[in-house]
1. What's the number of the condition Val70 fails, among (1) in contact (Cβ under 8 Å) with a residue 60 or more places away in the chain; (2) in a loop (DSSP other than H, G, I, E, B); (3) of a type outside the set (Asp, Glu)?
2. Taking region 202-224 as the search range and keeping residues that are touching a residue at least 60 places away in the same chain (Cβ under 8 Å) and farther than 17 Å from Glu32 by Cα, which one is surrounded by the most Cβ atoms within 10 Å (Cβ to Cβ)?
3. Report yes if some residue within region 26-42 is closer than 24 Å to Val217 by Cα, among the β-branched types (Val, Ile, Thr) and not in a helix (DSSP H, G or I); otherwise report no.
4. Restricting the first residue to region 75-94 and requiring it to be outside any helix (DSSP H, G or I), which pairs with a second residue that is aromatic (Phe, Trp, Tyr) and at pLDDT 95 or above meet a Cβ separation below 8 Å and a spacing of at least six or different chains?
5. Across region 44-61, which residue is surrounded by the most Cβ atoms within 10 Å (Cβ to Cβ) among those that are part of a helix (DSSP H, G or I) and not β-branched (Val, Ile, Thr)?
6. Confirm whether Leu118 is under 29 Å from Met1 (Cα atoms), among the hydrophobic types (A, V, I, L, M, F, W, C), out of contact with any Lys or Arg (no Cβ under 7 Å at 6 or more places or on another chain) and surrounded by 18 or more Cβ atoms within 10 Å (Cβ to Cβ).
Amino acid sequence: MVKVELPIVVVNFKAYAEAYGAKAVELAKRAEEVSKELGVCIAVVPQLVDLAKVASQVEIPVFAQHIDPVEPGAWTGHVLAEAVKEAGAVGTLINHSERRLLLADVEAAVARAKEAGLLSLVCTNNARVSAAAAAMDPWAVAVEPPELIGHGVAVSKAKPEVVRGTVELVKRVNPNVVTLCGAGVVEGVDVYMALRLGTKGVLLASGVVKARDPRAVLRDLALGALKALEEGGLS
């Protein structure tokens, strides 16, 4: 069984041209190489149509980009948690900024993920929403201020108070929930700062997927995590 360990670097492939079909498999393999080389957990989040193919080719955690809060039945066009699990995913994103859900649907999706044996990673936009998500008892929340997504300035640099405040609020609401941060993460120092602010990892996309040398970026990110561990470990 594929293990999900902390700290973790989660790479979302989104719907980028650089990361579908055979290219998704190759990128996932590069992530696996770096993960095994440096001993840092790297998870990948391919498009749903590539999920089974990617999961069958690598031994690192694979997450789905989305599930719908529905039971098996007449739900044409929806994404069933059990099908995602069967395809080889160990978890799923929920409520990404590009796939927002109503609060009640987030709660239902978290419950459905749990029923299917999937880890749920709920994306949020600020500390208060993160606290609300933590009350739903997901595996993790990832705070990503929308205005920083894809702009190359990490939230841990631009808004460290958001990261620190989110970590504190989530711990207060549910100490069992893992806190990650995203938005603008592009290099190892971003991961280092995120971990030093109290998170257990990062969620990113274009910084890896659109890089000229994704493997080099992945190594830099993993080395940032290792540096944080050496200096203080995970809080």
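The values are calculated or read from the model by the stated rules, or taken from the named source; none is laboratory data. Remember, predicted model here, so these are calculated numbers, not experimental data. Glycine gets a Cβ as well: all are built from the backbone with ideal geometry, and neighbour counts include every protein chain shown.
1. Here Val70 clears every test but (1).
2. My answer is Ser206.
3. Yes: region 26-42 contains one or more residues that are closer than 24 Å to Val217 by Cα, among the β-branched types (Val, Ile, Thr) and not in a helix (DSSP H, G or I).
4. From region 75-94, the pairs are Ala89/Phe63; Val90/Phe63; Gly91/Phe63; Gly91/Trp139; Thr92/Phe63; Leu93/Phe63.
5. The residue in question is Leu51.
6. no
Listed here are the residues, each with its yes/no results for (1) at pLDDT 95 or above; (2) surrounded by fewer than 23 Cβ atoms within 10 Å (Cβ to Cβ).
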{"position": "Phe63", "(1), (2)": "yes, no"}
{"position": "Pro69", "(1), (2)": "yes, yes"}
{"position": "His78", "(1), (2)": "yes, yes"}
{"position": "Glu82", "(1), (2)": "yes, yes"}
{"position": "Leu103", "(1), (2)": "no, yes"}
{"position": "Ala134", "(1), (2)": "yes, no"}
{"position": "Ala154", "(1), (2)": "no, no"}
